[in-house]
Amino acid sequence: MDNKDEGCSTHLIDGDGMFNVAGVENFMKEVKLAECGLSYAVVSIMGPQSSGKSTLLNHLFHTNFREMDAYKGRSQTTKGIWMARCVGIEPCTLVMDLEGTDGRERGEDDTAFEKQSALFALAVSDIVLINMWCHDIGREQAANKPLLKTVFQVMMRLFSPRKTTLMFVIRDKTRTPLENLEPVLREDIQKIWDSVPKPQAHKDTPLSEFFNVEVVALSSFEEKEEQFKEQVASLRQRFFHSIAPGGLAGDRRAVVPASGFSFSSQQIWKVIKENKDLDLPAHKVMVATVRCEEIANEKYVSFTENEEWSQLEEAVNSHSVRGFGRKVSSILDACLSEYDTEATFFDEGVRSSKRKHLEEKLLQLVLPAYQSMLGHIRADAFERFKDAFEKALKGGKGFALAARECAESFMSHFDEECTDAIIDQAKWDSSRVKDKLRRDVDAHIAEVRSAKLTEVTTLYETKLNEALAGPVEALLDGAGDDTWPAIRKLLQRETDTAVSGFAAALSGFEMDEESRDNMVLRLKDYARGVVEAKAKEEAGRVLSRMKDRFSTLFSHDQDSMPRIWTGKEDIRAITKTARSASLKLLSVMAAVRLEDEGDSIDKILIVALVDGKAGASSSKSITSVDPLASSTWDEVPPSKTLITPVQCKSLWRQFKTETEYVVSQAIAAQEASKRNNNWLPPPWAIVAMVVLGFNEFMTLLRNPLYLGFIFVAYLLFKALWVQMDISGEFRNGVLPGLLSLSTKFLPTVMNLLKRLAEEGQGMANGQPQGNPALSSKSFRGSTNDQGDVSTSGTSEVTSENGTEYSSSSLHDKVQ
């Protein structure tokens, strides 16, 4: 007994078939197995000699079974059955390492031990690992098919049914996916089970009643050691709590208590040794089996090392190879012919069976290359189809016609290429690849078709948007009674134009009538949507539009010239006209009217917002319902409503509030203009001035000097009036005018006197007194709209020193 890393092992059954009772008892004491009760599991492994069973167990369960030394050649390392405890796995798990099958050391006469040990493992184990090479899947001996067949039959006869998990461990996994290998194994096991004669009690019992089948695959330990260890470590996790529900042996039955394991195992081995049904096969058949298997293996290796095949395999991985099927068929035929020549004298049944297995293995080896070849053919055909299809469309050919011709052409080309790749020995069908190509072609056609239809639809939608958005906005901006009829006419015209071109563009797609009509209908709906969206957008700016329209009509005359409020304009009438136009804009924007159906929105708004107040004032005693106290319009569906009656009322109130200031400013400007243009006193004041000022007037007539003085004072006052722009200052109000004049009065007077003084000094130095030229100058003026006063005729003014000034010269100075 060995003890290494807490792992205990013992020789359970020696190579001569003797059960080691004492060793098992010591082993049970060492691992304290009797204390486990039912909480333990038994795992065993079987498989060909030198297939790495012990190596797998040592890495999987951290045991210390003896392993083969590869440098000393392939030979038997495990004799009989060894048992050890797994390290670090709960619950307590025992593992049995069985002697390999097909060992040359025992020879043909002792192969019964191999089957007896396998039957023993199945009888006492909860989980049986069947170690096998990946490339041996499908072989009778290497995959233990005859062994399993015999074991199934004898087990049902000898023992009560127990649930055992068969885990097939595929070693040195190749590129063939596990998903492809597992169904083959499961199918072979099921066939073995179905072919085994069963007792009447288990005649219809399914395989799942006795066995759970699991399949795992591991990489090569020698070539990919790190990957192998990672996979084994992952597999090791599945053996933790293996007897728990859902575990690998979670549904096992007829478990022997741990304390009786030794005695139970001893009795099971005794029954197996006494079984006479496990006789060896006939010598002739065995020799044929072994020798034909060796020849088949030699030819398989010879094929894999064939230089021509290697070149073909390498080339087909990157691109398609012309004549692939013919070349591979030739290599396969040569390999099988060599097998037939060397195995011709062996048992015909065995020879044919092994030849079939060899052919299957070779075809499995060739299959990936064949699939790659079909993949290249499909990819090349698909790419050429796409190029040809694109060129046909660019050449102006109809979409449906181009798609149909290109698809038929390249599917025929694919069939021709596949015929060149057919391998004579295989009955492989390329229909799946062809179907894949057909699906790819159809998908590409559908994708391009969708893109082209989207492109055409987008084109005409863009045209409709450009043709409708701007004109509709302009029509709504100048809203009037004919706005919506004009929009309907515009929509009908542009829609008909777009639909005509759209239908012509769709003709090349050979669409069914229903689909074409649906697309045309969607285009029409899009056109309506453009109009409705633009109307909704404009309705959101209706208040701004109303104010703009009111401002335009109120502030400009019929000739679009800015109004000057002179006092003659009828502001009330102008205001009413401008507000009526704005109300018309509101009524037009209130609803979408793409159907020629009348409504009373305009009348309701006029009655409620314009005429309603006058009517309400004249009939206060009559209680009436507000027609705008609603969220919907009569005869207008909610989906077509842009501005509800309540919103119209609110907008009108806000509109009036924001435009009242403009009206008040106009009234103020008109009043100011009237004041500026009316300087004469009232008639009664003139009469009073004449009557009361008669004596003063007579005094002036008796003394003309007063008239001259008054005239000069008038001229000075007029000069100050013009210089200070008194009328302009009072336009902004009395108080602002007085404040402004108070700051300008003194500087203006000083400036005026300075200019008069300079003028008088210049005349005194340069001309003699009484110069006739001066007396000939005249002072002329006129009265303008602002009240400017001018005089006509000629007058002279004499200064105190005798210098004469003409009235025109004085006027120039004032100016």
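The values are calculated or read from the model by the stated rules, or taken from the named source; none is laboratory data. Owing to the predicted nature of the structure, the values given are computational and were not obtained by experimental measurement. Note that we place each Cβ from the backbone using ideal geometry, even for glycine, and neighbour counts take in every protein chain shown. Heavy atoms of the whole protein, side chains included, go into the accessibility calculation; ligands, DNA and RNA do not. Shrake-Rupley method; radii C 1.70, N 1.55, O 1.52, S 1.80 Å.
When region 383-400 is filtered for residues that are closer than 16 Å to K452 by Cβ and either of a type in the set (A, V, I, L, M, F, W, C) or not in a helix (DSSP H, G or I) (or both), the ones remaining, listed by number, are F389, A392, L393, G395, G396, K397, G398, F399, A400.
Here region 197-212 is the region considered, the condition is being among the hydrophobic types (A, V, I, L, M, F, W, C) and under 23 Å from V43 (Cα atoms), and the residue that is modelled with the lowest pLDDT is F210.
Report yes if some residue within region 257-280 is at pLDDT below 65, in contact with an Asp or Glu (Cβ under 8 Å, 6 or more places away or on another chain) and not in a helix (DSSP H, G or I); otherwise report no. Yes: one or more hits.
Residue-wise test of (1) of a type in the set (G, A, S); (2) in contact with a His (Cβ under 7 Å, 6 or more places away or on another chain); (3) surrounded by 22 or more Cβ atoms within 10 Å (Cβ to Cβ); (4) modelled with pLDDT under 80.
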residue	(1), (2), (3), (4)
I89	no, no, no, no
T93	no, no, yes, no
Q141	no, no, no, yes
N144	no, no, yes, yes
T150	no, no, no, yes
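Has region 193-210 got at least one residue that is in contact with a Pro (Cβ under 9 Å, 6 or more places away or on another chain), hydrophobic (A, V, I, L, M, F, W, C) and assigned to a helix (DSSP H, G or I)? For region 193-210, residues in contact with a Pro (Cβ under 9 Å, 6 or more places away or on another chain), hydrophobic (A, V, I, L, M, F, W, C) and assigned to a helix (DSSP H, G or I): present.
Summed over region 699-721, the residues that are open to solvent by less than 60 Å² (accessible area, probe 1.4 Å) and at pLDDT 75 or above give a count of 9.
Within the option set A70, A22, being open to solvent by 10 Å² or more (accessible area, probe 1.4 Å), out of contact with any Lys or Arg (no Cβ under 6 Å at 6 or more places or on another chain), small (G, A, S) and modelled with pLDDT of 85 or more holds for one residue only, A22.
In region 564-596, the residue that is modelled with the lowest pLDDT out of those that are more than 16 Å from E532 (Cα to Cα) and open to solvent by 70 Å² or more (accessible area, probe 1.4 Å) is K568.
Listed here are the residues, each with its yes/no results for (1) touching a His at 6+ places or on another chain (Cβ under 7 Å); (2) open to solvent by 40 Å² or more (accessible area, probe 1.4 Å); (3) polar (S, T, N, Q); (4) without any contact (Cβ under 8 Å) to a residue 60 or more places away in the chain.
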{"site": "V184", "(1), (2), (3), (4)": "no, yes, no, yes"}
{"site": "D188", "(1), (2), (3), (4)": "no, no, no, yes"}
{"site": "K191", "(1), (2), (3), (4)": "no, yes, no, yes"}
{"site": "F210", "(1), (2), (3), (4)": "no, no, no, yes"}
{"site": "A217", "(1), (2), (3), (4)": "no, no, no, no"}
{"site": "K229", "(1), (2), (3), (4)": "yes, yes, no, no"}
{"site": "G246", "(1), (2), (3), (4)": "no, yes, no, yes"}
{"site": "F263", "(1), (2), (3), (4)": "no, yes, no, yes"}
{"site": "E274", "(1), (2), (3), (4)": "no, yes, no, yes"}
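No other residue among A527, A533 is under 24 Å from T483 (Cβ atoms), buried (at least 17 other Cβ atoms within 10 Å of the Cβ), at pLDDT 90 or above and touching a helix residue (DSSP H, G or I) at 6+ places or on another chain (Cβ under 9 Å) apart from A527. Can you find a residue in region 454-468 that is among the small types (G, A, S) and more than 19 Å from S500 (Cβ to Cβ)? No, the conditions are met nowhere in region 454-468. When region 164-176 is filtered for residues that are open to solvent by less than 60 Å² (accessible area, probe 1.4 Å) and of a type outside the set (D, E, K, R), the ones remaining, listed by number, are T164, T165, L166, M167, F168, V169, I170, T176.
Quick one: which residue in T55, T78 is in a loop (DSSP other than H, G, I, E, B) and either closer than 29 Å to E360 by Cβ or modelled with pLDDT under 85 (or both)? Spell out how you get there, then give the answer.
Working: T55 fails: in a loop (DSSP other than H, G, I, E, B).
Every option except T78 fails the conditions.
Could you tell me how many of the residues in region 510-521 are touching a residue at least 24 places away in the same chain (Cβ under 8 Å) and either within 17 Å of E494 (Cα to Cα) or under 26 Å from the mean Cα position of the chain (by Cα) (or both)? Before the answer, list the steps.
The initial filter retains those residues of region 510-521 that are touching a residue at least 24 places away in the same chain (Cβ under 8 Å), namely 510, 519.
Cutting the leftovers down to either within 17 Å of E494 (Cα to Cα) or under 26 Å from the mean Cα position of the chain (by Cα) (or both) gives us 519.
Summing the residues that are touching a residue at least 24 places away in the same chain (Cβ under 8 Å) and either within 17 Å of E494 (Cα to Cα) or under 26 Å from the mean Cα position of the chain (by Cα) (or both) in region 510-521 gives 1.
Here T644 does not fit the description of being open to solvent by less than 40 Å² (accessible area, probe 1.4 Å), at pLDDT 85 or above and within 30 Å of V734 (Cα to Cα).
If a residue must be touching a residue at least 60 places away in the same chain (Cβ under 8 Å), within 30 Å of E390 (Cα to Cα) and open to solvent by 70 Å² or more (accessible area, probe 1.4 Å), how many such residues does region 426-480 contain? Residues that pass the stated criteria total 1. A Cβ distance below 6 Å, combined with a sequence gap of six or more or placement on separate chains, defines the contacts here; from region 1-27, residues that are on the phi > 0 side of the Ramachandran plot reach no residue that is at pLDDT 90 or above and open to solvent by 50 Å² or more (accessible area, probe 1.4 Å).
Scanning region 722-740 for residues that are hydrophobic (A, V, I, L, M, F, W, C) and either touching a residue at least 24 places away in the same chain (Cβ under 8 Å) or over 26 Å from L756 (Cβ atoms) (or both) returns V722, M724, F730, V734, L735, L738, L739. Within the bounds of region 757-775, is there any residue that is under 30 Å from G567 (Cβ atoms), charged (D, E, K, R), modelled with pLDDT of 80 or more and in a helix (DSSP H, G or I)? Taking every residue of region 757-775 in turn, none turns out to be under 30 Å from G567 (Cβ atoms), charged (D, E, K, R), modelled with pLDDT of 80 or more and in a helix (DSSP H, G or I). Residue count for region 299-330 under the criterion of being surrounded by fewer than 18 Cβ atoms within 10 Å (Cβ to Cβ), free of Cβ contacts under 8 Å to residues at least 40 places away in the same chain and not hydroxyl-bearing (S, T, Y): the result is 9. Taking first residues from region 562-591 that are under 30 Å from R675 (Cα atoms) and partners that are assigned to a helix (DSSP H, G or I) and among the aliphatic types (A, V, I, L, M), the Cβ contacts under 6 Å between residues at least 6 apart in sequence or on separate chains come to W565/A666; W565/A669; I571/A666; I571/I667; T575/V663; A578/L553.
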